[in-house]
Every structure is written in structure tokens, then in C-alpha cells.
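The values are calculated or read from the model by the stated rules, or taken from the named source; none is laboratory data. All values derive from a computational prediction rather than experimental measurement. Cβ placement follows ideal geometry from the backbone for every residue including glycine, while neighbour counts extend to all protein chains displayed. Ligands, DNA and RNA are stripped out before the accessible areas are found, and what is left, the full protein with its side chains, is counted by its heavy atoms. Shrake-Rupley method; radii C 1.70, N 1.55, O 1.52, S 1.80 Å.
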Amino acid sequence: MKDEKIQKTETTIEWYEHTVSVEEYLEKCVDVPVFLEYCKECHNYRQVWSCPPFSFSPMEYWKKYRTFHIIGMKILLPSSLTQKKYTEEERKEVLDAALLPKKEALNKKLLDMEKEREGSVSLSGGSCQICDGGCTRPQGKPCRFPETMRYSIEALGGNVGLTVTKYLHQELQWMEEGKLPDYFMLIGGLLLP
């Protein structure tokens, strides 16, 4: 399996958007203690500046804003990819080749939207992957790109699965037994004053 072949595979993108008050979103979808425990199980915990633990309160971060504009990117995969079984190594290759460019596109779109709205800040689709050589956090050095590094919804205690069903009226799909789902969802958004 070659990255070039995967990247040239046609995918279909569907966009979903919804705007909600931060107050409602906090009440319905944010549980910082629960999601912090999930974050502790991830290899990015304490390793990437966009991931916990933080030197600030995630709840206070949310409360600096009034409105949350949620954006979902649904990446529909062709049957040529979904009908196969994959080893762990092949799965990582497919995910890196098929999803990373889409994640970069979503995060670029969010940063562009942020530039258009004074006082807004974007929340990225997943953890930060800006630094090719790895994040500086394990060395105790500051972030190399604080102007583009953003936190994700889940890093700030948001339930992405509930967000997708409640506000975007979609469902998340997961890999099972070495098979790819029919689609992936990348979720980010824009916090507005």
C-alpha cells in the first residue's frame, strides 16, 4: 500500500455547521473531569502543548466566549478502502494519508474564519500536529507556533460524540476488527465573543 495511491483515492466531503451559545454547550456537552481522564490515557497527554494538563482552567477558557460555531467535516471513504481488512501498520498508513490532509484543510479553514472575526478563536479538529519534528513540550520549551496552535474541543472537556449527534445530527463511526468505517468526522469550531 502506497501513500500516493491512498491520497489519490477519491473521497467525498460533506460539511455540517451549527451555532450554539457557550452557556448551553457547557451545560449539555462539556465535562472537564471526565474528559481529562480520557486525555490521561492518550500518548499526547503532557507531550503536546495543545493537550492537557493546562496552566489554565478549561471552563474559564470556554466562558471567555458567548457563542460556539461548530463545524463538522464528514469524509466519506470509497468502498475500495472500506471493504478491506487492515493490519495496524496499514491502518496508520491509511489514516495518515487520507485524514491528515483533510485535518490540515479543516484547521486552515478555521484559522481563516478566526481572522475574519475579531476576538474569536478556533478549536482544532483533533490534537496539534504542526511540528514535524515533534512538540517542544517534553523538553520544557515553549510552543514554536503559538500563533497557529489551537486546542481541540475534547482537550477542553467537550464531548465530541455528543456534539456530533446533538448539534450536527450525525453519528461517529469507528474502526472495527481492522476495517475502516464508511466515513470519518472531524469536528472543530469557532468560539466567538
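Structure data summary
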| quantity | calculated |
| --- | --- |
| Pair list, Cβ < 6 Å and 6+ apart or interchain, from region 71-85 residues that are touching a residue at least 24 places away in the same chain (Cβ under 8 Å) to residues that are among the basic types (K, R) | I75/K102; K85/K179 |
| Those residues of region 173-191 which are touching a residue at least 24 places away in the same chain (Cβ under 8 Å), in a loop (DSSP other than H, G, I, E, B) and open to solvent by 30 Å² or more (accessible area, probe 1.4 Å), in sequence order | M175, E177, D182 |
| Among residues of region 113-134, those that are at pLDDT 95 or above and over 14 Å from H69 (Cα atoms), counted | 2 |
| From A97, A155, residue being over 19 Å from E14 (Cβ atoms), modelled with pLDDT of 95 or more, open to solvent by less than 20 Å² (accessible area, probe 1.4 Å) and assigned to a helix (DSSP H, G or I) | A155 |
| Single unsatisfied condition, C51 versus (1) in a loop (DSSP other than H, G, I, E, B); (2) farther than 26 Å from T165 by Cβ; (3) under 19 Å from the mean Cα position of the chain (by Cα) | (2) |
| Residue that is under 22 Å from V30 (Cα atoms) and open to solvent by 30 Å² or more (accessible area, probe 1.4 Å), where the choices are K166, K84 | K166 |
| Residue in region 133-147 that is hydrophobic (A, V, I, L, M, F, W, C), in a loop (DSSP other than H, G, I, E, B), crowded, with 16+ Cβ neighbours inside 10 Å and in contact with a helix residue (DSSP H, G or I) (Cβ under 7 Å, 6 or more places away or on another chain) present | no |
| Selection status of E104, among the charged types (D, E, K, R), in contact with a helix residue (DSSP H, G or I) (Cβ under 8 Å, 6 or more places away or on another chain) and under 21 Å from F184 (Cβ atoms) | no |
| Search result, residues across region 43-53 that are in contact (Cβ under 8 Å) with a residue 24 or more places away in the chain and open to solvent by less than 90 Å² (accessible area, probe 1.4 Å) | N44, Q47, V48, W49, S50, C51, P52 |
| Boolean, E114 is farther than 17 Å from I13 by Cα and either polar (S, T, N, Q) or open to solvent by 70 Å² or more (accessible area, probe 1.4 Å) (or both) | no |
| Of all residues in region 11-40 being of a type in the set (F, W, Y) and in a helix (DSSP H, G or I), the one that is surrounded by the fewest Cβ atoms within 10 Å (Cβ to Cβ) | Y38 |
| Filter result (under 22 Å from V34 (Cα atoms) and open to solvent by 60 Å² or more (accessible area, probe 1.4 Å)) within region 60-81 | E60, K63, K64 |
